[in-house]
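Everything below concerns the one structure shown next.
The values are calculated or read from the model by the stated rules, or taken from the named source; none is laboratory data. Worth saying up front: this structure is predicted, and the values here are computed from it rather than measured. Please note: Cβ atoms are built from the backbone with ideal geometry, for glycine as well, and neighbour counts cover all protein chains shown. Side chains included, ligands, DNA and RNA excluded: accessible areas come from the protein's heavy atoms. Shrake-Rupley method; radii C 1.70, N 1.55, O 1.52, S 1.80 Å.
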Amino acid sequence: MSQDKRHPFLQGLSKHRGVQPTIITIFGASGDLCARKLVPAIYNLAVDNLLPADFYLIGFGRKPIPDAEFREIAAESISKFSRRPLNKEIWNRIEKNTYYCSGGYDELEGFQKLNDKISSIEKDAGREMQSVFYVSTPPSVFDPIVKNLGEVGLATKYQDSDKHTKVVIEKPFGKDLESAQALNRAIQGVFQERQVYRIDHYLGKETVQDLLVQRFANTIFEPLWNRNYVDNVQITVAESLGVGTRGGYYEQSGATRDMIQNHTMQLLALMAMEAPASLDAEAIRDEKVKLLKAIKPLKLGYENPEVVRAQYAEGLIDGQKVKGYRDEEGVSPQSETETYAALKLAINNWRWEGVPFYLRSGKRMARRVTEIAIQFKRPPSSLFSENEMINLANNSLVFQIQPDEGSTILLNGKIPGLQTRTQPVKMHFRYSTTFGSNTPEAYERLVLDAMIGDGTLFIRGDETEASWNLITPLHEFWKAEGQRGMETYASGSWGPNAADRMLWEKNHEWR
Ligand code: NDP
Ligand code: BG6
């Protein structure tokens, strides 16, 4: 058998053929995401020798910034945010091919300049190159950027070859079903679907990819993965951070648009979908869409609610007093935006009928944790006494997506001694123990995949629409209700009591 001699990051990935000469343009290059994630990701790909010799970076934004200044800003963000320290020699290789272009996102002039810059890079290098356009701006300008790329001919450049242009679109992809459909139409009017990479950075996380491996590379889980054995599933995406400086954005967004519609629903889809026929991007996306479409519409109202929303009040995070959401910068004192949401979903298919899926996400919660907990049913009868039976824990399998990445199985074991007494015991798998720490960041994998042209870890248009289809009626309901039903929770807690009550109805509780 021939050995895979490629870099460990690439080994075993049949799709990866290496990156062809590439010019990557980042729209919104003066922004937070570019500095904290994108430039460090590109740098780390260079450290791993995964960038082609012909690699060029162009920052694009409204304010004119000289190339030299942008290079300095980029070097600074690597020093500050990269998982590996700045190595001058490696940075010099990227730096000499780094440029900045300015222009309004809704004005053609800047895009013409960008087109000229790309042509002159190709001319100097003496070869044609693929362009990857990374749209890292607020969603309000996704549409004009896409249209202007079409207007100046950059979208269709080399369209029938493997050098065809690619466009990466950040989240949130729209604000409701209608706007997502409109954005899809605008994109499809300019690009072919194979050119479009809708990003959800959770899909680039190692542990999220591992979910597919755990499910489909092992035989022990599948027989249990259904309504006969699973009692309920809990997906938690909790952050201890508040909205920070992003109050303006967050006010328009809230927890359901910012986290549930995308990251949390993607975790749900990967956890609950059927096995795809192959690891092909379309096969996986088809299964995710089928699953998302099988989710029953949410029952909206106040009797036995299936949704809870709340805002954080002041409280303690790591022993420090923090302010409540309505006192944050850029947030209205009468804000109706939720910083926490919990949903109870039902999936209408053969596998999952009757199994509640609880989803929750919030800011300023007790600690940062993302996990999927599968709670199994209790044994049908017991050899143990009535009392012991009561003490038996439900078996559970927990995928810890972050931090402390790994998985844990909870079993009941015997306490050593003459009596037969039980105690829940845990079997752990820890990424850091088995594989070491400092694994690639999600954005490294996703930027690389976009350059290679592998869409497996990106979202298809119908997928995002299926997810909005579920969430949009909820937003309409909340909008009509104003403040009614908005709960509060102390910063540093696990959310509002109403979210606990939602689970009690079925005798469940959050893990
Ligand atoms: P920023 O608010 O930092 O904006 C990025 C850039 O967009 C700005 O530097 C600015 O560039 C331009 N911009 C800002 N506001 C406007 C506006 N009203 N009209 C036109 N252009 C504007 O955003 P982020 O970098 O935080 O996020 C970018 C995208 O990535 C968003 O869609 C966000 O949802 C998504 N995202 C962000 C994450 C993060 O951690 N930051 C995580 C995951 C996704 P200039 O003035 O130079 O034109
Ligand atoms: C982003 C949200 O998509 O994800 C942020 O806009 C959130 O509000 C972030 O903080 C969380 O990402 P991670 O990778 O830190 O869990």
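Ratio of Rg to Rh for the range 266-379: 1.06 [Cα atoms; Kirkwood radius as inverse mean 1/r over pairs]. Could you check how much of the accessible area of the range 73-168 is carbon and sulfur, as a whole percent, using a 1.4 Å probe? Carbon with sulfur: 46 percent of the solvent-accessible area. The simple spin-label model puts a point 7 Å past each Cα toward its Cβ; for residue 36 and residue 293 those points are separated by 3.6 nm. The calculated FRET efficiency for the pair residue 384 and residue 351, based on their C-beta separation and a Förster distance of 25 Å, comes to about 0.25. Projecting the Cα positions of 103, 126, 22 onto the charge dipole of the chain (unit charges on Cβ atoms of Lys, Arg, Asp and Glu, taken about the Cα centre) puts 22 furthest along the positive direction. The separation of the range 479-495 from the range 420-476, counted between C-alpha centres, amounts to 27 Å. Share of carbon and sulfur in the accessible area of the range 438-511 stands at 44%, probe radius 1.4 Å.
For the range 244-321, which trypsin sites (Lys or Arg not before Pro) are in a loop by DSSP, counting at most 13 other Cβ atoms within 10 Å? Hits after loop and neighbour filter: 299.
Once you reduce the range 240-286 and the range 93-153 to the center of their Cα atoms, the two points are 28 Å from each other.
Using a probe radius of 1.4 Å on heavy atoms only, what accessible surface per residue do you get for the chain? Whole Å² is fine. Walk me through the numbers on the way to the answer.
Numbers: 23400 Å² over 511 residues.
So the chain comes to 46 Å² accessible per residue, rounded to a whole number.
Bridging of residue 321 to lysines at a Cα separation below 20 Å is possible for 363, once same-chain residues fewer than 8 apart are set aside.
Please report the carbon-and-sulfur percent of the accessible area for the range 291-416; probe 1.4 Å, protein heavy atoms only, DNA, RNA and ligands left out. If you can, show how the numbers build up before the last one.
Values: 3110 of 6040 Å².
Ligands and nucleic acids excluded, carbon and sulfur give 51 percent.
Once every DSSP H run of n ≥ 4 in the chain is given -39500 (n - 2.57) and the sum is divided by its residues, what mean residue ellipticity at 222 nm do you get, rounded to the nearest 500 deg cm²/dmol?
Values: 15 runs with 164 residues, N = 511.
Taking each H run of at least 4 residues, the total per residue is -9500 deg cm²/dmol.
Annotation: amide H-H contacts under 5 Å for residue 488 (H modelled 1.01 Å from N, sequence separation of 5 or more, or interchain): 311. In the range 327-369, which chymotrypsin sites (Phe, Trp or Tyr not before Pro) fall in coil by DSSP and have 12 or fewer other Cβ atoms within 10 Å? Those that pass, being in a loop and sparsely packed, are 350.
Between residue 151 and residue 501, full extension at 0.36 nm per residue minus the direct alpha carbon distance yields a gain of 120.6 nm. Sequence-distant contacts, meaning Cα pairs under 8 Å at least 6 residues apart, place the relative contact order of the chain at 17 percent. Remark: for residue pairs 171/205; 296/377; 426/506; 88/117; 290/506; 113/147, the C-alpha separation exceeds 20 Å in 296/377; 426/506; 88/117; 290/506.
Accessible surface of residue 278, taken over heavy atoms with a 1.4 Å probe and every protein chain present, rounds to 50 Å². The residue list 380, 342, 74 was ranked by how far each Cα lies along the charge dipole of the chain toward its positive end, using unit charges on Cβ atoms, and 380 comes out on top. Sorted into 5 angstrom bins from 0, the C-alpha pair distances of the range 60-163 split as 2, 11, 18, 20, 19, 17, 10, 3, 0 percent.
What area, in nm² and to one decimal, does the C-alpha convex hull of the range 137-284 cast on average over all directions?
On the way: hull surface 46.9 nm².
Value for the range 137-284: 11.7 nm².
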